[in-house]
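The values are calculated or read from the model by the stated rules, or taken from the named source; none is laboratory data. Everything quoted here is computed from the prediction, not taken from an experiment. Positions of Cβ are backbone-derived with ideal geometry, glycine not excepted, and every protein chain shown enters the neighbour counts. These accessible areas exclude ligands, DNA and RNA; they are computed on the full protein's heavy atoms, side chains included. Shrake-Rupley method; radii C 1.70, N 1.55, O 1.52, S 1.80 Å.
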Amino acid sequence: MNYLKLSIYSLLFAVLLVSCKQHEDVRMPIHRSSGTFMKKSVDRNKKLVSSEEDVIKKIIKSNPKVKYYASQKGYWYTYEEQNLTDTLRPKRGDIAYYNLEVKDIDGKVIYAEADLGPQTYHVDKQEIMMGLRHGIKLMHKNETVTFLFPSHIAYGYHGDNKKIGTNEPLICTVTLRNFVPEEAPKTTTPGTPSKSNTPSTQTPKPTNSKPAAQIKKDTLNP
């Protein structure tokens with residue numbers, strides 16, 4: 001009887017040990033594989049960004065007469081037409097009206113300005129290319145600016161699913177024709193003043209004892 005119990009206990013212990021071993025063997029490779037994949041992905045993206053920036057810097061260096069500015073967002077730009085009079089720039093909620101031409105990094109036209117037509121952008125409230133979202137807010141009205149965008153702030157890995165391919169840096173020329181504040185929603189009926197904004201008036205006291213003349217009733221505002 002004791003031999004039978006000992007055999008059963010030994011069998012259960014062996015099954016438990018094998019189960020734990022298999023569980024460890026299954027989990028460890030997944031963890032290691034995931035970590036390795038992430039590291040390789042980060043390294044690959046760093047190399048891509050670095051190589052694209054090298055190409056852009058070569059373009060800038062090959063045009064010493066053109067003054068380029070480096071933005072804090074990781075792109076470069078130069079003024080084709082600059083407005084030194086105005087100080088206002090588009091801000092969140094404004095509606096910007098602009099024209100756009102898009103070229104590849106070699107200067108070949110992908111989308112001509114005439115093909116795209118006039119563009120409208122609700123600043124910071126509409127999804128457009130990341131680089132343009134930042135770039136337009138640097139501009140004044142009637143300025144034309146050429147931007148050099150690395151792919152990670154252009155259309156990235158997926159492209160635009162049309163003419164712009166995977167990981168493609170872009171040259172974008174933007175003319176900001178105008179921008180206006182977004183129209184605030186109206187909360188009162190047109191022509192009807194709000195009570196909170198209507199100044200209170202006092203009825204003047206009569207200067208004599210004569211009865212006041214009868215006032216005609218306003219047919220528009222009874």
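Exactly one of these conditions fails for GLU183: (1) assigned to a loop (DSSP other than H, G, I, E, B); (2) in contact (Cβ under 8 Å) with a residue 12 or more places away in the chain; (3) more than 16 Å from the chain's Cα centre (by Cα); (4) closer than 27 Å to GLY93 by Cβ. Give me its number.
(2)
Please verify whether region 124-132 includes one or more residues that are touching a residue at least 12 places away in the same chain (Cβ under 8 Å), open to solvent by 50 Å² or more (accessible area, probe 1.4 Å), within 18 Å of THR146 (Cα to Cα) and of a type in the set (A, V, I, L, M, F, W, C).
Within region 124-132, one or more residues are touching a residue at least 12 places away in the same chain (Cβ under 8 Å), open to solvent by 50 Å² or more (accessible area, probe 1.4 Å), within 18 Å of THR146 (Cα to Cα) and of a type in the set (A, V, I, L, M, F, W, C).
As an exercise: evaluate TYR121 against (1) hydroxyl-bearing (Ser, Thr, Tyr); (2) in contact with a helix residue (DSSP H, G or I) (Cβ under 9 Å, 6 or more places away or on another chain); (3) over 15 Å from LEU176 (Cβ atoms) and give the number of the one condition it does not meet.
Going through the list (1) hydroxyl-bearing (Ser, Thr, Tyr); (2) in contact with a helix residue (DSSP H, G or I) (Cβ under 9 Å, 6 or more places away or on another chain); (3) over 15 Å from LEU176 (Cβ atoms), TYR121 breaks only (3).
What number of residues within region 63-110 satisfy the criterion of being more than 21 Å from the chain's Cα centre (by Cα), open to solvent by 80 Å² or more (accessible area, probe 1.4 Å) and more than 24 Å from GLY159 (Cβ to Cβ)?
Residues that pass the stated criteria total 9.
Of the residues that sit in region 125-143 and are among the charged types (D, E, K, R) and more than 20 Å from ASP86 (Cβ to Cβ), which one is farthest from the chain's Cα centre (by Cα)?
Filtering first and then ranking leaves LYS125.
Give the residue that is nearest to LEU170 (Cα to Cα), with candidates limited to residues of region 77-112 that are in contact (Cβ under 8 Å) with a residue 24 or more places away in the chain and among the aliphatic types (A, V, I, L, M).
Of everything passing the filter in region 77-112, ILE105 is nearest to LEU170 (Cα to Cα).
Out of all the residues in region 137-167, which are outside any loop (DSSP other than H, G, I, E, B) and farther than 20 Å from ILE105 by Cα?
GLU143
Is there any pair with a first residue in region 55-68 that is over 15 Å from LEU170 (Cα atoms) and a second that is open to solvent by less than 70 Å² (accessible area, probe 1.4 Å) whose Cβ atoms are under 7 Å apart and which are 6 or more apart or on different chains, and what are they?
Note: pairs meeting the criteria are VAL66/THR78; LYS67/THR78; TYR68/ILE60; TYR68/TRP76; TYR68/TYR77; TYR68/THR78.
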